[in-house]
Amino acid sequence: MSYVFAPAPVVAVPVVGSSEKFAVRRIYCVGRNYAAHAREMGHDPDREPPFFFGKPADAVVYVAPGETGNFPYPSQSRNVHFEMELVAAIGKAGKDIVVDRALDHVYGYALGLDMTRRDPQAEAKKLGRPWDTAKGFDHSAPLGPIHPVATAGHIDKGAIWLTVNSEEKQRSDVADLIWSIPETVAYLSSLFELQPGDLIFTGTPEGVGAVAKGDVMIGGVDGLGEFSVRVV
Ligand code: MN
């Protein structure tokens, strides 16, 4: 087989404790999955069904532990926000997965930032337009390595936090997710057949805010360590 252009490289990130990498297929993101964040965005945190948006796989910027990754400030925006999130990595295909079996499909977990151009997002909300330019832009998904369940276990509670220039901005607990990881996997699999390599950004807690060039964000989740990303 030959192609008119060289195929795009496979997007892949390291797996902790392994020489093999996790190849990324799709990135799904959950909106408003912590009540206090739903409130700060002007919404009622009542348990409405989860909603999803996406990012392209090549929006991933791998951030190695102990190093500082780079997030290039995107053009066409003056209000770019951090959203620190726990990411679930799918390792087994499935559709219409039941909640009780959903964790069987999770290969591991990672730290992720759902970087967001808040100004076009606000415009899109007002006009009923899609969120792609707000959420799916280049470099919008800084991501740490995948921690496999086989060694790290499942994560259903524990602190999630983010600092900017050493000042704490976000702090919550994964136990406060409105839709838990198993519920999210089950619901998402009723909309899309999940495949190994899919990532699910599970939502951000309260405290989101803007960054500027030069800022250094450090985010973490209990059990997954921390990562560091500089806005450039
Ligand atoms: Mn988010």
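Counting only DSSP beta bridges with both residues in the chain, tell me the antiparallel percent, nearest 5.
On the way: 43 of 54 bridges.
Of the beta bridges lying entirely in the chain, close to 80 percent run antiparallel.
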For the ranges 94-103, 161-170, 27-36, what's the packing order if you count other beta-carbon atoms within 10 Å of each residue, average per peptide, and put the highest first? 27-36, 161-170, 94-103
Which Cα, out of ALA186, MET84, GLY214, lies furthest along the positive dipole direction of the chain (beta carbon charges, K/R +1, D/E -1)? GLY214
With a 1.4 angstrom probe the carbon and sulfur portion of accessible area for the chain, in percent, totals 51
Rounded to the nearest whole Å², what accessible area per residue is found for the stretch 1-106 with the 1.4 Å probe? 57
Rounded if a/c under 1.5, otherwise prolate or oblate - the stretch 74-232, Cα gyration tensor axes: oblate
Under a 5 Å amide H to amide H cut-off, with H placed in plane at 1.01 Å, what residues pair with PHE82 once short-range neighbours are removed? GLY209, VAL211
Hey, how many Å between the Cα centroid of the stretch 43-99 and the Cα centroid of the stretch 138-160? 11
Karplus ³J(HN,Hα) for the stretch 88-104 (6.51 cos²θ - 1.76 cosθ + 1.60, θ = phi - 60°; Hz, whole; x = Gly/Pro) runs 9, 10, 7, x, 9, 5, x, 10, 6, 6, 7, 3, 5, 9, 4, 5, 4
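The values are calculated or read from the model by the stated rules, or taken from the named source; none is laboratory data. What you see is a predicted model, and the numbers here were worked out from it, not measured in a lab. Note that we place each Cβ from the backbone using ideal geometry, even for glycine, and neighbour counts take in every protein chain shown. Ligands, DNA and RNA are excluded from the accessible area calculation, which covers all protein heavy atoms including side chains. Shrake-Rupley method; radii C 1.70, N 1.55, O 1.52, S 1.80 Å.
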